[in-house]
1. Provide, as a two-decimal number, the C-alpha radius of gyration of the chain over 2.2 N^0.38 Å, N being how many residues it has.
2. Going by average Cβ density within 10 Å per residue, which order do the peptides 56-67, 157-168 take, highest to lowest?
3. With N denoting the number of residues in segment 47-210, provide Rg(C-alpha) divided by 2.2 N^0.38 Å, to two decimal places.
4. What pairs from K101/K204; K64/K211; K32/K204; K150/K317; K64/K204; K218/K317 go past 25 Å between their alpha carbons?
5. When you count, for each residue, the other Cβ atoms within 10 Å and take the mean per peptide, how do 95-106, 39-50, 136-147 rank with the highest first?
6. Under the rule a/c < 1.5 gives rounded, and otherwise a/b versus b/c splits prolate from oblate, where does segment 68-140 land using the Cα gyration tensor?
7. By average Cβ neighbour count within 10 Å, what is the ranking of 227-238, 195-206 from highest down?
8. I'd like the distance separating the alpha-carbon centroids of segment 220-235 and segment 264-295, in whole Å.
Amino acid sequence: MPRQKFNKLGIISSIFVCLILIVVSLLIVINKQYVIDQISVWRYSPTIEINSLAERSGIDGYGKFLYLASQPSLDATQNFNDACDRVENITSILGCYSDYKIYIYDVTDVQLDGVREVTAAHEMLHAAYARMSIEEQADLNLLLEAEYGKLEANNEFSDRMAFYARTEPGQRDNELHSVIGTEVSNIDPELEAHYDKYFSDRQKVVALGAKYSSVFQKLEDRANELTAQLNALALSISNDSSEYDTDINTLNSDILSFNFRANNGGFSTMSQFYYERSVLYNRVTNLDAMRVGIVDDISRYNAILDEYNSNTSQLKKLYSSIDSTLAPVPSV
């Protein structure tokens, strides 16, 4: 009798274990991606720098989990270009989300502090979008498109979305999700609540984006100001020089005529002689002042041109620092 009781308990225990295994198996199947992500997190050892990117950009909670599950890497070698396919060479690629991994171009120019953090957050949001169901994406897309309607008048923003349309067909809302989440400060409260799952403070990454973007914007605005000044000065110098040359030729002719008349009794009175000579002297004085003014304008033009060239050089250097196509030559 005790033997039979033991067998019953064993059978019940076996059934219970089987049920647990079945439930666990079902949970694994249903949450396959989460399980894969969790294993990826366990297997990944982020560097201090990788963790710093998340902290500075405000990535937290589920966002931090997805960020680490994507095993982000910082790279400035040809490996980055191999991982991040380039469809057009007219714009810089700072990062990509490919094969469930995040790749970030390692921009080291101190003037562009924040660009890596914004890139990290941008790509993390791609990871988040990829894990949503079709229904979740559809609901979110409605909010994203409504937000885009407020931004469409911004030519720079609409041009950027046109670029994505050419290079990543069908990924418009996916890109909107990352761009709005990392670059737009004031958004619909419902959309803001969505991003709260991924950030402790989304304004951190928005501020970093505005910070490094302003470096380019200030230089470009100054370049436009200098260009306008150079164009205005060039026109003024050209017009004044043309007028000066014409007046000089006329004055030389009038002086020759005056001297001829003076040497050949062309003046009936000395008062007439002195009067006409004083008029010529005044014209000489005025033209000399005009010449000095033109020389000063040329000096100003050259000084502005020097600043413009310096400004352009700084812009080229900054754009070069974010150009991942210029991967350094590998060492032997």
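Coordinate-derived values only; no laboratory data. Quantities reported herein were computed from a predicted structural model and do not represent experimental measurements. Note that we place each Cβ from the backbone using ideal geometry, even for glycine, and neighbour counts take in every protein chain shown.
1. 1.81
2. Working: 56-67: 21.8, 157-168: 13.6.
Descending mean neighbour count gives 56-67, 157-168.
3. Working: Rg = 14.9 Å, N = 164, 2.2 N^0.38 = 15.3 Å.
For segment 47-210, the normalised Cα radius of gyration is 0.97.
4. Distance filter (> 25 Å) returns K32/K204; K150/K317.
5. Numbers: 95-106: 20.3, 39-50: 12.6, 136-147: 15.8.
Top of the packing list down: 95-106, 136-147, 39-50.
6. On the way: a/c = 1.93, a/b = 1.71, b/c = 1.13.
Verdict is prolate for segment 68-140.
7. So the order, starting with the most tightly packed, is 195-206, 227-238.
8. Segment 220-235 and segment 264-295 have Cα centres spaced 38 Å from each other.
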